[in-house]
Amino acid sequence: LKVCDALSFAHSQNIVHRDIKPANLMVGAFGEVLVMDWGLARKIRTGEEEGTEAPTATPSSTQLDPFQTLEGEVLGTPAYMAPEQARGEVHEIDQQTDIYALGAILYDILTGSPPHTERNQQKLLEKVRRSDFPPPRVRAPEANISTELEAMVLKAMALRKQDRYANVQTFQADLQAYLDGRTLEAARYTPLQLLKKWVDRNRILSGAIAAVLLTGCVLWGFF
């Protein structure tokens with residue numbers, strides 16, 4: 001949630017980080033959370049301001065460390081990199097690129113591993129470009145991952161940018177809603193699931209209603 005605060009501020013200044021990953025997040029002695037290493041940060045330009053970065057060669061080795069920040073035409077860390085980054089499409093990089101990385105970090109928290117771990121260069125970048133990874137509940141079936149949190153991950157890490165969260169605030173709102181026991185934008189619910197969430201949030205009121213109904217049933221049966 002605190003990382004979202006930092007990114008929300010950066011995005012409000014038209015700055016994207018482009019290398020959000022666990023190694024670039026620090027927790028201080030007093031609980032403060034710091035988003036580090038803004039070396040790849042880029043200002044979002046529109047219209048006549050739009051510029052391009054001078055492309056250089058992509059990594060030429062056959063093996064890539066998915067946790068190492070890449071330099072050149074493809075910038076970022078493959079394990080948490082958005083598809084548009086892996087394609088070297090600088091003009092497509094915006095706030096949704098950081099949102100994808102937030103989803104990848106949540107994936108890592110839930111499953112114990114990042115979404116992309118392939119070390120073969122060609123296979124790794126191709127999978128990242130297609131956003132090809134197993135859903136969290138498939139990657140770690142033993143972890144009993146919530147379907148709601150999985151829905152958050154899949155929305156944040158959608159292949160098409162327009163299918164991701166509109167901004168960091170909406171991602172953050174869904175995360176807070178999960179912690180509060182409320183419904184999430186990313187998830188779909190049956191009527192029974194909605195009722196259960198309401199009961200969980202309103203235990204005293206639902207208990208009182210249940211008591212009234214039970215009393216009514218007993219009285220009806222008696223008379």
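Within the range 114-154, the set of residues being under 23 Å from residue 23 (Cα atoms), in a helix (DSSP H, G or I) and within 14 Å of the chain's Cα centre (by Cα) comprises 136, 149, 150, 152, 153, 154. Among the residues of the range 28-85, those identified as outside any loop (DSSP other than H, G, I, E, B), open to solvent by 20 Å² or more (accessible area, probe 1.4 Å) and at pLDDT below 70 are 47, 48, 49, 63. Take the conditions (1) modelled with pLDDT under 95; (2) under 25 Å from residue 193 (Cα atoms); residue 126 misses just one of them, which is (2).
Selection of the range 1-27 for residues being in a loop (DSSP other than H, G, I, E, B) and either under 20 Å from residue 78 (Cα atoms) or touching a strand residue (DSSP E or B) at 6+ places or on another chain (Cβ under 6 Å) (or both) yields 14, 17, 18, 19, 20, 21.
Filter the range 92-151 down to the residues that are among the hydrophobic types (A, V, I, L, M, F, W, C), crowded, with 19+ Cβ neighbours inside 10 Å and either without any contact (Cβ under 8 Å) to a residue 40 or more places away in the chain or touching a His at 6+ places or on another chain (Cβ under 7 Å) (or both) and list them by number. Within the range 92-151, 124, 128, 133, 145, 151 qualify. Scanning the range 152-204 for residues that are out of contact with any Asp or Glu (no Cβ under 7 Å at 6 or more places or on another chain) and aromatic (Phe, Trp, Tyr) returns 165, 171, 189, 198.
The values are calculated or read from the model by the stated rules, or taken from the named source; none is laboratory data. In this text, all values refer to a predicted model and were calculated from it rather than measured experimentally. Virtual Cβ from ideal backbone geometry, glycine too; neighbours counted across all protein chains shown. Surface areas here come from the heavy atoms of the whole protein model, side chains and all, with no ligands, DNA or RNA. Shrake-Rupley method; radii C 1.70, N 1.55, O 1.52, S 1.80 Å.
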